[in-house]
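Reviewing the structure listed below.
The values are calculated or read from the model by the stated rules, or taken from the named source; none is laboratory data. Note that the coordinates shown come from a computational prediction; the quantities given were computed from them, not determined experimentally. In this analysis, Cβ positions are derived from the backbone assuming ideal geometry, glycine residues included, and neighbour counts consider all displayed protein chains. We work out accessible area using only protein heavy atoms, side chains counted, and drop any ligands, DNA or RNA first. Shrake-Rupley method; radii C 1.70, N 1.55, O 1.52, S 1.80 Å.
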Amino acid sequence: MQRSIVEQAAAGDQRAFESLVRQSADRLFAIAYRILRDHHGAEDALQQTFVTIWDELPRLRDPDRFEAWTYRLIVRTSIAQAKRERRGGPVIQLLPDDQISGIATHGAPDNIEAVADRDQVQRGFRRLKPDQRAILVLQHYVGLSLAEIADVLGIPVGTAGSRLHYAARALRAAIDADDRAIDQEERTA
């Protein structure tokens, strides 16, 4: 982000704020979606985050930290929303027609295996707590370093490392549990 745009938006310039929104909306939505695993929930979290950004931007001390600050806001909003909703049940993900036809026409085993692996990871990911999802998203999707994750979450680096370790272990355990359940179903079928 350009420092001048952040400073202008902080001073109340709506056009500058709109520019910030356009520059960061897709990135922040993607983070919220990966944490919440729900399109509508991610939209709600994004909207709430932008309201918070507008309200709190004049108090942002360092405009150069805008991006990290927005990560912190979207993560906190997404986790809070996930905890409020706590809804379970299966989540159906619709694929665009071009992806469906690509799978159908190519039909290569590698494509099917890749889809199966992705689905397996998504099922495991849904079993994680929202704060575990958040730390994994920040590292693996956003690509932040451990120090940057600690900064975004407002925790010490050692705590970030520990949380990342336990989140990865929980994901592995969830995937393994899912594998065992599928194996059990296949044996009884």
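Assess whether Ile53 counts as being buried (at least 20 other Cβ atoms within 10 Å of the Cβ) and touching a residue at least 40 places away in the same chain (Cβ under 8 Å).
no
Inspect the stretch 99-110 for any residue being assigned to a helix (DSSP H, G or I), modelled with pLDDT under 85 and surrounded by 13 or more Cβ atoms within 10 Å (Cβ to Cβ) and give the result as yes or no.
Yes, the stretch 99-110 contains a residue that is assigned to a helix (DSSP H, G or I), modelled with pLDDT under 85 and surrounded by 13 or more Cβ atoms within 10 Å (Cβ to Cβ).
Taking the criterion of being closer than 26 Å to Phe50 by Cα, open to solvent by 60 Å² or more (accessible area, probe 1.4 Å), assigned to a loop (DSSP other than H, G, I, E, B) and modelled with pLDDT under 90, would at least one residue in the stretch 73-89 satisfy it?
The answer is yes; a qualifying residue exists.
In the stretch 125-145, which residues are open to solvent by 30 Å² or more (accessible area, probe 1.4 Å) and among the small types (Gly, Ala, Ser)?
Matches in the stretch 125-145: Gly143, Ser145.
Filter the stretch 2-60 down to the residues that are over 26 Å from Asp131 (Cα atoms) and assigned to a loop (DSSP other than H, G, I, E, B) and list them by number.
Gln2, Ala11, Gly12, Asp13
Of all residues being aliphatic (A, V, I, L, M) and surrounded by 15 or more Cβ atoms within 10 Å (Cβ to Cβ) in the stretch 156-174, which is modelled with the lowest pLDDT? Just the residue, please.
Selected residue: Ala174.
Name every residue in the stretch 1-16 that is surrounded by 13 or more Cβ atoms within 10 Å (Cβ to Cβ) and of a type in the set (A, V, I, L, M), in order of residue number.
Met1, Ile5, Val6, Ala9, Ala10, Ala16
Cβ-Cβ under 6 Å, sequence separation 6+ or interchain: first residue in the stretch 121-133 and farther than 19 Å from Ile182 by Cβ, partner modelled with pLDDT of 85 or more and surrounded by fewer than 19 Cβ atoms within 10 Å (Cβ to Cβ). Which pairs?
Gln132/Ala170
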